[in-house]
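What follows is one structure encoded as structure tokens, with my remarks underneath.
The values are calculated or read from the model by the stated rules, or taken from the named source; none is laboratory data. What you are looking at is a predicted structure, and each value in this text was computed from that prediction instead of being measured. When we count neighbours, we look across all protein chains shown, and the Cβ atoms used for this are built from the backbone with ideal geometry, even at glycine. SASA here: full protein model, heavy atoms, side chains in, ligands and nucleic acids out. Shrake-Rupley method; radii C 1.70, N 1.55, O 1.52, S 1.80 Å.
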Amino acid sequence: MTLANDTPTALSAAAIAQAGSRRLQRLAMGVFCIFALGLPFVASGYHLFQFAQVLIYAIALLGLNILTGYNGQISLGHGAFYAIGGYAMAILATKFDVPYWATIPVSGLICFVAGFLFGLPALRLGGLYLALATFALAVATPQLLNYRGFDAWTGGSQGLQLGKPHAPFALPLTSDQWLYFLCLVCAALMFWAAANLVRGRIGRAIIAIRDHPIAAETMGINISFYKAMCFGVSALYAGVAGALGSIVVGFISPDSFGLFLSLSFLVGIVVGGLASIWGVLFGALFIEFVPNYADQLSDLFGESAKALPGAIYGILLIGLMYLMPTGVAGVIRTAPGLLSRLFSRPKRV
Amino acid sequence: MLAKRLQGIILMPAPRSAKSNGGGGNDHAAGAPSRAIRMPRRRKADCFGDMSATPRTGAAPLLVVEGVSVRFGGIVALDSISFAVAGGQICGLIGPNGAGKTTLFNCLSRLYRADRGAITFEGRPLLSASKHEIAQCGIARTFQNLALFRTMTVLENVMIGAHCRARGGFFADALALPLTRREEQRIRERAMALIDEFALGAVAGTPAGELPFGTQKRVELARALASEPRLLLLDEPAGGLNHEEVDSLRGEIQAIRDRRGITVLLVEHHMNLVMRVSDQVVALNFGRKIADGPPGEVQQNPDVIRAYLGDAA
Ligand SMILES: Nc1ncnc2c1ncn2[C@@H]1O[C@H](COP(=O)(O)OP(=O)(O)OP(=O)(O)O)[C@@H](O)[C@H]1O
Ligand SMILES: [Mg+2]
């Protein structure tokens, strides 16, 4: 159609590569769906819990990636929004008897408002200063949750205990299986929405602000509004993830929301690939499993290696960044092109 | 460089005769400030109003700049600049390096704050608008040093240009409501039409940052037109282009005015180009206006010649 005046060879080569990568994409999607749906009937107990946690992390990473990867605003404090979501869920469920499933969207909305309000003043801050402001958020949150004055709500350092929900409608699922599926459904919805968002008009504006803020504003994009909205939306994602986290763990206390969590989120989006939707799944796998494996690996070295898990985690991370500087998504993005170029060399004109 | 400009001034081609669109072609005086003529448009009309390319009659000034001054610390970048551009005109803005041409553009885009003065566009005071409202008002621009979204494809860049002409918000987009799909389709089609027009079809899917300089300039032009402007600001569109590219650029600029009825304000050092396409030329030097009139007159203006040649002239 509109590409009619292309040189035919260039066009067909590009079209073949594109069709090939689309087919690969669909294949990967199919495999992933089978894996995700079949998992609860293969894995059990703790493993299933871990994969539910992967889905939860993936939701949080998705939000952070919209903010940092797509919009170019760094946040070292998304653990705080995750915590707010988690506590909102727990407080609503224990103090107000809100059904656990209904707390998920409410927690998301609470975090959206919190994120938007935090994003407004943060607009004035760029780069390192924004990193510091969000860092402060991450540092302050666990202490605030511990604060005596809020004990009646937050349970202080004891935290809050939640019951484990059972599968509704007499579904023949164990509690673990049901919780996994709940996370899967939520993750699917959140991925769908994020993919819609970033590939449309708003997504273009978000990326334009990252690429060239002055030009973006000249194109009629209200930068302040979009940046604050990105903060709000990414906090919403973190909040939904936090609420799901509380539900799945069945317990919440300030210790789980330290600085390491916030930094893990950042690690997750970089490992998965900045500005990538599907990449965050790999980032989530990384932050869920690699610290565990680092622990197990360091156990092999015996008693003398108490300090090693951190070192092993660090070395793995450094190695990964050297091998895949654009994250897993970057490798996947270039791989089909490389493959199709290997197999069908376009003739030189 | 200097020699080239000299040649441009001295050996310049015959100025264009008055354009067909109204008798006011070269008659800049007719465009004295008269703000009452065009009523301010409502925002809604700005967004979705009829942008059909009816050539405007030259009588009503589309853009009026009155006493605009800008200073940076000790430097007076613009010193009480006043001029008017009638609708449907191509107005050249010339001056040696550092004369303040880009600064004036930045005032029109609201990127710089004018210390004094007023700018009126279609009867609307522009200086009270925000930066992001300028595009919606109907003013688009290109940049002297390219300002493309480098990681985005050419198609996406051009579609961003149409951002201000489409509806939809975060939640409508996230939920893929029918409205956003329709709007997306409409913007995409318009962008593809522009991409065809500027012969960018072969690179539509290429990230803009990977393209050669001349191609990037064309992308910027297409992106600016995607916002359906009524006033187009071009900051040195010929800068860095080769001979043939400048020739085709001249045709493009003329087509933008003739076919779309867009008024053009053109900053350019390429004298040959400016003098051939412009109906009116405004010359700046050290932030002051030194000449304003038809190209033939401005070219002969002793102040202009002195500004370009230095005291030697
Ligand atoms: N942001 C700024 N801060 C300080 N000084 C500035 C700024 N922008 C422009 N100037 C100064 O204002 C004066 C006019 O600059 P401007 O860029 O408008 O010139 P110009 O006519 O576009 O020149 P050129 O032909 O080289 O593009 C120059 O002296 C420049 O140094
Ligand atoms: Mg300039």
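Return the distance in nm (one decimal) between the two label points of a simple spin-label model at A:L109 and B:A129, each offset 7 Å from Cα along Cα→Cβ.
Label at A:L109, label at B:A129, 3.7 nm between them.
Give me the residues in region A:194-213 whose solvent-accessible area, probe 1.4 Å, is reduced by at least 40 Å² once all protein chains are included instead of the chain isolated.
A:N196, A:L197, A:R201, A:I202, A:R204, A:D211, A:H212
Does any residue of region B:145-191 lose at least 50 Å² of accessible area with all protein chains in place compared with its chain alone, and if so which ones (probe 1.4 Å)?
Residues shielded by partner chains are B:F149, B:M152, B:I160, B:H163, B:F170, B:F171, B:D173, B:A174, B:E184.
Rolling a 1.4 angstrom probe over the protein heavy atoms, how many square angstrom per residue are accessible across region B:208-307?
Ligands and nucleic acids excluded, the figure is 33 Å² per residue.
Of all the accessible heavy-atom surface of region A:59-341, with the other protein chains kept in place and a 1.4 Å probe, what percent is carbon and sulfur?
71
Please work out the average accessible area per residue across chain A, using the 1.4 Å probe convention, and give it in Å².
On a per-residue basis, chain A sits at 50 Å².
I want to check the label-to-label distance for A:F96 and A:H47. Put each point 7 Å from Cα in the C-beta direction and report it in nm to one decimal.
Distance between the two pseudo-spin positions: 3.9 nm.
To the nearest 20 Debye, how big is the dipole of chain A about its Cα centre, given +1 on the beta carbon of each Lys and Arg and -1 on that of each Asp and Glu?
Result for chain A is approximately 1300 debye, rounded to the nearest 20.
Let a ≥ b ≥ c be the square roots of the eigenvalues of the Cα gyration tensor of region B:162-313; is it rounded (a/c under 1.5), or, if not, prolate (a/b larger than b/c) or oblate?
In terms of gyration-tensor shape, prolate.
Quick one: P(r) of region A:169-261 from all Cα-Cα pairs, 10 Å bins, percents rounded to integers, in order of increasing distance.
So the P(r) values, bin by bin, are 13, 32, 27, 19, 7, 2.
Name the residue from A:H212, A:G250, A:G268 whose Cα lies farthest towards the positive end of the charge dipole of chain A, charges +1 on Cβ of Lys and Arg and -1 on Cβ of Asp and Glu.
The residue sitting most towards the positive pole is A:H212.
So how tilted is helix A:327-343 from the main axis of chain A? Cα-based, degrees 0 to 90, rounded to 10.
30
For the interface of chains A and B, what total accessible area is buried with a 1.4 Å probe, rounded to the nearest 100 Å²?
Chains A and B together bury roughly 3100 Å² of accessible area.
Expressed as an acute angle from 0 to 90° and rounded to the nearest 10, what is the orientation of the C-alpha long axis of helix A:279-299 relative to the principal long axis of chain A?
The two axes meet at around 60 degrees.
Name the residues of region A:186-208 whose amide N is less than 19 Å from a point 7 angstrom out from the Cα of B:R182 along the C-beta direction?
Only A:200-202 pass the distance filter.
For helix A:8-38, report the angle its Cα long axis makes with the longest principal axis of the Cα atoms of chain A; keep it between 0 and 90° and round to the nearest 10°.
20
Is region A:59-341 rounded, prolate or oblate when judged by the Cα gyration tensor, a ≥ b ≥ c being the square roots of its eigenvalues, rounded requiring a/c under 1.5 and prolate requiring a/b larger than b/c?
rounded
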